[in-house]
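Working notes for the structure below.
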Amino acid sequence: MTALDARVVVRRAAFALDVELRAEPGEVLAVLGPNGAGKSTLLGVLAGLLRPDAGHVRLGDTTVADPAAGVHVPPHLRGVGLLAQEALLFPHLTALGNVAFGPRARGVPRREAEQRAGELLAAVDAAELADRRPARMSGGQQQRVALARALAPRPDLLLLDEPLAALDVDATPAMRALLRRVVRASGQTAVLVTHSALDALVLADRVVVLTDGRIVEQGPTREVLARPRSPFTARIAGLDLVPGTACPDGLRTSDGTVVAGRDGDLADGEPAVAVFPPSAVAVFSERPHGSPRNVWPVQVTAVEPHGDIVRLRATAAPGGPGWLDGLAADVTPAAVAELAAEPGSRLWFAVKATEVAIHSAGVRTAEADRTRS
């Protein structure tokens, strides 16, 4: 098992990436972020497909990229395996031939390479596909073979680039469970790029969140997704988030509105966020009276069915503050009908203070995370 230690700096005319990453031996690190955050660029540098402008990439004791020292180990010599969205299997080779290709390219004798390929195909529940070419496989079957192929050369680092994104909804759960089982059993150090909170929760030990080429959050996966500090993380975790600064009653927004919530033991004026689930938001057609301390006028922007509930996404009512944009409430279909909720409807969102968690918005560093653990 091999540790990853990297600082990746890439500068472009309209974009700059500057991140530090570390994955311990056998650890799976998830990288999350919106489109344009720098995830693909980061993965390209780790794989050796892109040259960084500064920094370094080390796999164990081996430096595979260091511009200052003139080091750039090419992808095929780097000891990195890649499982991408598309399987990209060699169409003229059988499943066994595809999986054996990596070890054969590294000088492993044919019989030994094919024996390992057969073992890996069995490990990914694809032994019966050994003699099939990709054209005779489903998308899920191809992805299983591609996983075996990525593991076959015993890479020091496995890169998982949205490995479930191209699968249909029926194949995804089984492949997710398979990835967890096989990657864990192999003790493989891995970096997972994904947009899915569920993929991160199931597969990753830790997570880093990128925005505009910088790390804005990092830590143990469950903790980051339960206590998000950025709008993107809150969104994929299915939570509402309001930014501001800590105050005695909870959180003060940029326009001076106080969001009442549970005390997070923060200093007055410290950057903070208020977080609550959409299920905690009550929706009214007129301003409610009574106990809720957090009541805001909104305008519905989207009505999204989610199984037995409907999610209402909203923005501020005309002239209202921008921090309301994107807030969501979960209601029943009956409530949607009663409220006559549709895009453009003006409603009121109310949240009890006991449902609102206030915590720091500061970026937690990897060093602090290791110290805490």
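Read-outs: derived from the displayed coordinates by stated rules, not from any lab. For clarity, every value in this text was computed on a predicted model and none was experimentally measured. Note that each Cβ is placed from the backbone with ideal geometry, even for glycine, and that neighbours are counted across all protein chains shown.
Quick one: length gained pulling Ala165 to Arg110 fully straight, 0.36 nm per residue minus the C-alpha distance? Please list the in-between numbers first.
On the way: separation 55, 0.36 × 55 = 19.80 nm, distance 3.32 nm.
Extending this stretch completely gives an extra 16.5 nm.
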Legend entry - Cβ-based charge dipole, the stretch 4-225, positive-most Cα from Gly70, Ala171, Ala23: Gly70
Legend entry - Signed unit charges on C-beta, dipole axis of the chain, positive-most listed residue Pro34, Ala316, Ala122: Ala122
Legend entry - For His72, net neighbour charge (Lys/Arg +1, Asp/Glu -1) across residues whose Cβ lies under 10 Å away: +1
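Rule-of-thumb check for the stretch 3-136: C-alpha Rg over 2.2 N^0.38 Å?
Numbers: Rg = 17.6 Å, N = 134, 2.2 N^0.38 = 14.1 Å.
Dividing the Cα Rg of the stretch 3-136 by 2.2 N^0.38 Å gives 1.24.
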Inset, instruction - With +1 on each Lys and Arg Cβ and -1 on each Asp and Glu Cβ, and nothing else charged, work out how big the dipole of the stretch 4-225 is about its Cα centre, in Debye to the nearest 20. - result: 540
Legend entry - Size of charge dipole - the stretch 241-360 - debye, nearest 20, with Cβ of Lys, Arg +1 and Asp, Glu -1, no other charges: 180
